[in-house]
Amino acid sequence: MDASSIIRKTAIDLRLAPNLADYERERARFFWPVAGRELAGLPGGALNIAWEAVGRHARGPLRDKIAYRFLARDRPVRSLTYEKLAELSSRFCQVLRLLGVKKGERLFILAGRIPELYLAVLGGLQNGTVVSPLFSAFGPEPIATRVNLGEGRVLVTTDALYERKIAKWRDGMPTLKHVLLVAEEEGGRTDVAGTLDLATLMAQAPGECDTAPTAADDMALLHFTSGTTGTPKGAVHVHGAVATHWATGKYALDLHDEDVFWCTADPGWVTGTSYGIVAPLLHGVTSVVDREEFDAERWYGILQDEKVSVWYTAPTAIRMLMKAGADIVKKYAFPGLRFVASVGEPLNPEAVLWGKEVLGLPIHDNWWQTETGGIMIANTPAFDIKPGSMGRPLPGIEAAIVERREGGSVKLVETPGKEGELALKAGWPSMFRGYLNNEERYRKSFSGEWYLTGDLATRDADGYYWFVGRADDVIKSAGHLIGPFEVESALMEHAAVAEAGVIGKPDPVVGEVVKAFVSLKKGFEESEALRMELLGHARKRLGAAVAPKEIAFLPSLPRTRSGKIMRRLLKARELGLPEGDISTLEAGG
Ligand code: AMP
């Protein structure tokens with residue numbers, strides 16, 4: 001990168017004194033136990049995310065401050081103060097107690113971004129229940145897989161989602177004892193056999209409820225993430241993670257009391273929980289939540305009308321805004337917007353610069369993943385941006401580039417610009433504490449004191465990190481991590497499919513689209529009609545968020561001699577790239 005493309009910050013760029021003003025000094029003096037003292041805690045050394053996020057505010061000076069403004073098309077804005085949010089979360093917590101749901105048991109939530117989703121997360125945590133929000137665009141299979149892996153006992157969902165994605169599959173989720181229904185639209189039916197009406201239960205429950213005295217190491221949240229093979233992995237997060245949410249809300253998002261914050265991520269993905277729920281509430285700011293899907297006009301309108309000051313979004317959204325063109329944005333003004341950050345996929349330099357041109361602010365890329373529970377590497381307001389770089393490790397985070405060696409050890413890569421695997425020194429509070437029921441896979445993610453992220457990156461001489469790619473075959477589409485195995489398995493369930501291999505095909509807007517290659521069983525002929533049928537089959541089972549957008553037929557798929565489908569080779573052939581090392585390719589593949 002030449003020095004002229006660096007975006008230099010001046011005092012004028014900073015409308016408020018940044019929370020992280022002296023990078024080296026803050027990193028040198030930062031110590032997690034000291035940061036933890038900013039948390040209120042509960043008597044006897046207990047720590048509960050819900051108490052930190054909302055319970056304590058509802059009894060303090062922020063009582064009457066707006067915690068959330070929920071937006072939805074054609075509906076009035078629904079605002080909840082910290083006090084009201086605490087009351088509703090407490091009611092939900094009481095509902096769980098009434099149903100006999102105990103500490104450590106699992107609550108799943110499958111809903112769009114409606115208020116009930118947010119108060120169920122908080123009320124569940126308040127009860128000491130382990131909460132797992134699922135993305136509402138998942139189809140029945142990813143939902144059932146996750147509920148079963150997590151041994152879900154309670155599910156909160158809407159009438160519409162229940163009918164479309166749960167009812168017929170419910171027998172396949174034997175641990176699920178209670179389904180609590182919310183009407184998706186006014187007048188929706190919640191008197192469905194085998195379910196309970198959440199609104200009725202909430203109305204009958206007391207609006208006060210003590211907070212479960214969870215320990216910092218008690219499991220709080222379960223976020224599923226995808227790997228290359230096998231079922232999704234349930235990353236276990238604990239109540240103590242709240243210290244990272246607090247520190248990163250302060251340093252990476254630069255939250256100040258008077259901010260209006262908009263995190264566009266859905267709580268079905270870790271960003272939407274850590275930063276759509278926990279971090280902004282910890283800092284006592286007002287958050288905007290929009291129920292609708294992306295729409296350029298709508299989004300500019302929200303930034304303007306809601307007077308958003310700190311915006312946390314994703315590269316796909318930025319690229320969609322870029323694509324929508326400059327004319328739309330001219331109709332809007334964002335005088336209050338002071339900081340924009342993005343996460344989840346590589347943020348191309350053009351997108352960083354587009355922000356500067358169109359919003360008057362560059363986009364600040366940051367990096368983290370489900371397993372890290374919170375932002376680890378970031379571009380923060382006070383510091384120069386090198387467009388295309390993810391930034392530098394935050395205070396309390398030690399990062400490195402490493403090379404894996406035989407026998408499981410790693411060697412640090414010291415040379416600036418040399419590629420290796422991004423590793424983090426274990427021990428930050430929001431580090432995942434396990435993959436549910438998969439101790440071996442968890443252990444394999446570590447080498448000594450280093451957690452190995454599975455991402456390839458470089459570090460430059462100034463300590464900035466640059467994303468190179470994934471070390472495995474997982475796919476990032478519109479910021480969502482998709483496991484090829486889950487897609488292949490769904491395709492294989494179709495009577496015509498003999499084998500399936502799934503790759504991420506580069507796409508200028510959403511990063512990658514899911515593309516599947518299938519070979520057919522004897523007696524089936526490839527045809528356009530069958531291709532459409534397979535696309536429909538996958539979409540019905542997996543949901544729009546996971547299903548392939550493209551399917552191609554091949555006479556057979558390339559496999560290694562040990563029988564594994566060589567996705568890497570499928571991808572190279574698709575893109576016309578060199579095939580690389582194919583020494584393990586089975587003859588004829
Ligand atoms: P998830 O666990 O679903 O949040 O996905 C995490 C993965 O997304 C990381 O391991 C990276 O591969 C990718 N990712 C997250 N943030 C960035 C970023 N700023 N630049 C490039 N890739 C990113």
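The values are calculated or read from the model by the stated rules, or taken from the named source; none is laboratory data. Here the structure is a predicted model, which means the values were calculated and not measured. Positions of Cβ are generated from backbone atoms using ideal geometry, with glycine treated the same way; all protein chains shown enter the neighbour counts. The accessibility values were calculated without ligands, DNA or RNA, using every heavy atom of the protein model including side chains. Shrake-Rupley method; radii C 1.70, N 1.55, O 1.52, S 1.80 Å.
What the table below lists for this structure:
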quantity	calculated
In the stretch 470-479, residue nearest to the ligand (Cβ to nearest atom) [restricted to those that are out of contact with any helix residue (DSSP H, G or I) (no Cβ under 6 Å at 6 or more places or on another chain) and within 30 Å of Gly325 (Cα to Cα)]	Lys476
Residues being in contact with a helix residue (DSSP H, G or I) (Cβ under 7 Å, 6 or more places away or on another chain), open to solvent by less than 50 Å² (accessible area, probe 1.4 Å) and not aromatic (Phe, Trp, Tyr) - total across the stretch 13-61	16
Yes/no for Leu452 being within 12 Å of the ligand (Cβ to nearest atom), touching a residue at least 40 places away in the same chain (Cβ under 8 Å) and assigned by TED's automatic domain parsing to the domain that holds Leu569	no
Those residues of the stretch 551-575 which are part of a strand (DSSP E or B) and under 25 Å from Met532 (Cα atoms), in sequence order	Ile551, Ala552, Phe553, Ile565
Residues located in the stretch 103-120, provided they are surrounded by 24 or more Cβ atoms within 10 Å (Cβ to Cβ), in contact with a Ser or Thr (Cβ under 7 Å, 6 or more places away or on another chain) and either over 18 Å from Gly543 (Cβ atoms) or of a type in the set (Lys, Arg) (or both)	Arg106, Leu107, Leu119
Among the candidates Thr214, Thr229, Thr195, residue that is among the hydroxyl-bearing types (Ser, Thr, Tyr) and open to solvent by 30 Å² or more (accessible area, probe 1.4 Å)	Thr229
All helices (runs of 4 or more DSSP H) inside the stretch 311-383 with 3 or more residues being more than 16 Å from the ligand (Cβ to nearest atom) and either within 30 Å of Trp428 (Cβ to Cβ) or hydrophobic (A, V, I, L, M, F, W, C) (or both)	315-324, 326-329
Any strands (runs of 3 or more DSSP E) falling wholly within the stretch 201-279 and containing at least 2 residues that are within 16 Å of the ligand (Cβ to nearest atom), at pLDDT 95 or above and touching a helix residue (DSSP H, G or I) at 6+ places or on another chain (Cβ under 9 Å)	219-225, 233-238
Only one of Ala399, Ala426 that is in contact with a strand residue (DSSP E or B) (Cβ under 9 Å, 6 or more places away or on another chain), within 16 Å of the ligand (Cβ to nearest atom) and over 19 Å from Ala317 (Cα atoms)	Ala399
Residue in the stretch 552-565 that is surrounded by 20 or more Cβ atoms within 10 Å (Cβ to Cβ) and either farther than 24 Å from Ile582 by Cβ or outside the structural domain of Ile482 (by TED's automatic domain parsing) (or both) present	no
First in the stretch 505-527 and outside the structural domain of Ile551 (by TED's automatic domain parsing) and open to solvent by 50 Å² or more (accessible area, probe 1.4 Å), second anywhere and at pLDDT below 95 and not hydroxyl-bearing (Ser, Thr, Tyr), Cβ under 6 Å, 6 or more apart	none
Test: residue in the stretch 464-485 that is more than 25 Å from Ala317 (Cβ to Cβ) and open to solvent by less than 20 Å² (accessible area, probe 1.4 Å)	no
Residue list for the stretch 480-497, filter: more than 16 Å from the ligand (Cβ to nearest atom) and in contact with a Leu (Cβ under 8 Å, 6 or more places away or on another chain)	Ala490, Leu491, His494, Ala496, Val497
Pair list, Cβ < 6 Å and 6+ apart or interchain, from the stretch 377-398 residues that are in contact (Cβ under 8 Å) with a residue 60 or more places away in the chain to residues that are among the hydroxyl-bearing types (Ser, Thr, Tyr) and within 10 Å of the ligand (Cβ to nearest atom)	Ile377/Tyr465; Met390/Tyr465
Hits in the stretch 384-396 - residues which are within 12 Å of the ligand (Cβ to nearest atom) and either aliphatic (A, V, I, L, M) or within 21 Å of Leu16 (Cα to Cα) (or both)	Met390, Gly391
